[in-house]
Amino acid sequence: MHYTLHQLQIFLKVVEKKSITGASEELFLTQPAVSIQLKKFQDQFEIPLTEVVGRQLYVTDFGHEVAKAAMEILDVVDQINYKTHAYRQLLTGRLKLSIVSTGKYVMPYFLSDFIKANAAVQLVMDVTNKNLVIESLEKNEVDFALVSVLPDNLKVSTLPLLNNELYLVASPKLGIDAQKVTRKVFSKYPLIYRESGSATRSAMEQFITGNNIASNQKIELTSNEAVKQAVLSGLGISIMPLIGLKNEIKNGEIQVVPFKGLPISSQWNLIWMQNKNLSPVANSFVQYLENKKDEVIADSFSWYLNFNNES
């Protein structure tokens, strides 16, 4: 057999995503490139690793056994790399994070200089909704999570990073007069929600319920980006985190609509389990954030702070 480490990595990602498309997106490869490497890997085994039923890809029992062995092989390779870098006195290892979807507008800025200064550190970051973020933290699948609502049922250590402000937003196409906004705006236009399990969805529902606001039509979408595109098109209005709307507000494509009780304020927090023994990489990252977070905020989020101060 002559399979490569690259083929093992691709096969493991296909197993994880149960999709060639999903694997290609995660690995930043084209679908044909993933398919070719998967076929080359499969050709070295007489027993099928995967099968397609309908349009769904399934991993066979044998495929799961191979995936388990592949993971062990790659772990050994990581250990070799770790020992090599450690011998050279370089900070090395994996830094694993799971962040809420709106955190993708925040976390990269707090990671950038740290990763640049520690080229031997491998970053793995998953972006999903709050429920799955907390689940991955509880299962010890990640070092850290980024959330705007702290979990009630877990004992976690917390490092506050940046305020999270949610505003009522609409497309200028709707012609909403910001000086004459009343509660009727929520019944006049469809109200666009995130999916269940999203912290933005929970905050929005609490605001609507707490203020006895009636809305005639509701739309549910499964990502912050999808909600933003729906608002841009004039499909409806929503209550969204300001952090992801920088360019749209600057270009006049989205209107922030003043409304009593808004913005809803919370805070993005980096959290980790209190009983977790942090790796040298994870410890170094915490120390970096404690020393540099104010500098990162001043350099990367001045527009955001100025908007909040002017509102």
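The values are calculated or read from the model by the stated rules, or taken from the named source; none is laboratory data. All of these numbers come straight from a predicted model, not from anything done at the bench. Glycine also receives a Cβ, built like all others from the backbone with ideal geometry; neighbour counts cover every protein chain displayed.
Suppose we keep only residues that are over 21 Å from His6 (Cα atoms) and at pLDDT below 70 within region 71-91. Which one would you say is surrounded by the fewest Cβ atoms within 10 Å (Cβ to Cβ)? Working first, answer last.
Just the residues of region 71-91 that are over 21 Å from His6 (Cα atoms), to begin with: 86-91.
Going one step further and asking which of them are at pLDDT below 70, we end up with 86-90.
Details: Ala86: 14, Tyr87: 9, Arg88: 9, Gln89: 7, Leu90: 13.
Result: Gln89.
Contact list please: Cβ distance under 7 Å, first residue in region 245-262 and free of Cβ contacts under 8 Å to residues at least 60 places away in the same chain and under 17 Å from Asn224 (Cα atoms), second residue hydroxyl-bearing (Ser, Thr, Tyr) and in a loop (DSSP other than H, G, I, E, B), pairs at least six apart or on different chains.
If the second residue must be hydroxyl-bearing (Ser, Thr, Tyr) and in a loop (DSSP other than H, G, I, E, B), no pairs are left.
Scan region 21-57 residue by residue and report those that are outside any loop (DSSP other than H, G, I, E, B), at pLDDT below 90 and among the hydrophobic types (A, V, I, L, M, F, W, C).
If the condition is that a residue be outside any loop (DSSP other than H, G, I, E, B), at pLDDT below 90 and among the hydrophobic types (A, V, I, L, M, F, W, C), then Ala23, Leu27, Val52, Val53 are the ones that fit.
Does Val15 satisfy the condition of being assigned by TED's automatic domain parsing to the domain that holds Met71, in contact with a strand residue (DSSP E or B) (Cβ under 7 Å, 6 or more places away or on another chain) and either without any contact (Cβ under 8 Å) to a residue 12 or more places away in the chain or closer than 17 Å to Ala70 by Cα (or both)? Let's see the steps before the verdict.
Details: assigned by TED's automatic domain parsing to the domain that holds Met71: yes; in contact with a strand residue (DSSP E or B) (Cβ under 7 Å, 6 or more places away or on another chain): yes; either without any contact (Cβ under 8 Å) to a residue 12 or more places away in the chain or closer than 17 Å to Ala70 by Cα (or both): yes.
Yes: the conditions hold for Val15.
When both residues are 6+ apart or on different chains and their Cβ atoms are under 9 Å apart, which pairs have a first residue that lies in region 167-188 and is charged (D, E, K, R), and a second that is part of a helix (DSSP H, G or I)?
Within 9 Å, the pairs are Lys173/Leu232; Lys173/Ser233; Lys188/Leu174.
Taking the options Glu253, Glu225, Glu290, Glu295, name whichever one is touching a strand residue (DSSP E or B) at 6+ places or on another chain (Cβ under 9 Å) and either exposed (fewer than 14 other Cβ atoms within 10 Å of the Cβ) or not assigned by TED's automatic domain parsing to the domain that holds Val121 (or both).
Numbers: Glu253 fails: touching a strand residue (DSSP E or B) at 6+ places or on another chain (Cβ under 9 Å); Glu225 fails: touching a strand residue (DSSP E or B) at 6+ places or on another chain (Cβ under 9 Å); Glu295 fails: touching a strand residue (DSSP E or B) at 6+ places or on another chain (Cβ under 9 Å).
Step by step, each of Glu253, Glu225, Glu290, Glu295 is checked, and only Glu290 is touching a strand residue (DSSP E or B) at 6+ places or on another chain (Cβ under 9 Å) and either exposed (fewer than 14 other Cβ atoms within 10 Å of the Cβ) or not assigned by TED's automatic domain parsing to the domain that holds Val121 (or both).
Please work out which residue is modelled with the highest pLDDT, limiting yourself to region 212-222 and to residues that are surrounded by 14 or more Cβ atoms within 10 Å (Cβ to Cβ) and under 17 Å from Lys184 (Cα atoms).
Ile213
Just for strands (runs of 3 or more DSSP E) wholly inside region 238-300: which have at least 1 residues that are of a type in the set (Gly, Ala, Ser)?
On the way: elements: 238-241, 255-257, 264-273.
Result: 238-241, 264-273.
Do any helices (runs of 4 or more DSSP H) lying entirely in region 92-200 carry at least 3 residues that are touching a strand residue (DSSP E or B) at 6+ places or on another chain (Cβ under 9 Å), assigned by TED's automatic domain parsing to the domain that holds Gln287 and at pLDDT 95 or above, and which ones are they?
Numbers: elements: 107-117, 130-138, 185-188.
Correct list: 107-117.
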